[in-house]
1. Look through segment 32-91, keep the residues that are among the polar types (S, T, N, Q) and assigned to a helix (DSSP H, G or I), and return whichever of them is farthest from LEU11 (Cα to Cα).
2. Given the residues VAL28, VAL52, VAL24, VAL57, which is the only one that is out of contact with any His (no Cβ under 6 Å at 6 or more places or on another chain), modelled with pLDDT of 95 or more and either more than 30 Å from LYS98 (Cα to Cα) or surrounded by 11 or more Cβ atoms within 10 Å (Cβ to Cβ) (or both)?
3. Determine the pairs where a residue that is within 13 Å of ARG5 (Cβ to Cβ), located within segment 46-68, has a partner that is acidic (Asp, Glu) and surrounded by 12 or more Cβ atoms within 10 Å (Cβ to Cβ) with Cβ atoms under 9 Å apart, the partner being 6 or more residues away or on another chain.
Amino acid sequence: MLNGRTGFDALSFTTLVLAIVFAVLASVMESYYALIPALASVALASYTLFRVLSTNVGKRRYEADKFTSLFKRDPYKRFKCPKCKTLCRVPKNKGKIKIHCPSCGHEFIKRA
């Protein structure tokens, strides 16, 4: 029945958790303004269901990759070569290192 469906991923999990948070918030509020988080909760839950049952796997994977890339840390630091201005990528947290520019061959020392 669920063959070819996207399934549950990090973005679906996040939207479901947000839907639950908004539902709890709406139940705690005691006024006319409780309608706003209640509608947000229904919209997020509907979007989660849409994502989980979607057959457009490529599009949903693209969305999930964009979402998870927001939280990834880049393990590299970039420096411009003082001679040719080429960007050189070096690993972070290595202390003082000698950087060899791949473009012009110039060597310079920076703290990574």
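1. SER41
2. VAL24
3. Pairs found: ARG51/ASP9; ARG51/GLU63; VAL52/ASP9; ARG60/ASP9; ARG61/ASP9.
The values are calculated or read from the model by the stated rules, or taken from the named source; none is laboratory data. Computed from a prediction, not measured in an experiment: that's the story for all the values here. Cβ sites come from the backbone with ideal geometry, for glycine too, and all protein chains shown count toward neighbours.
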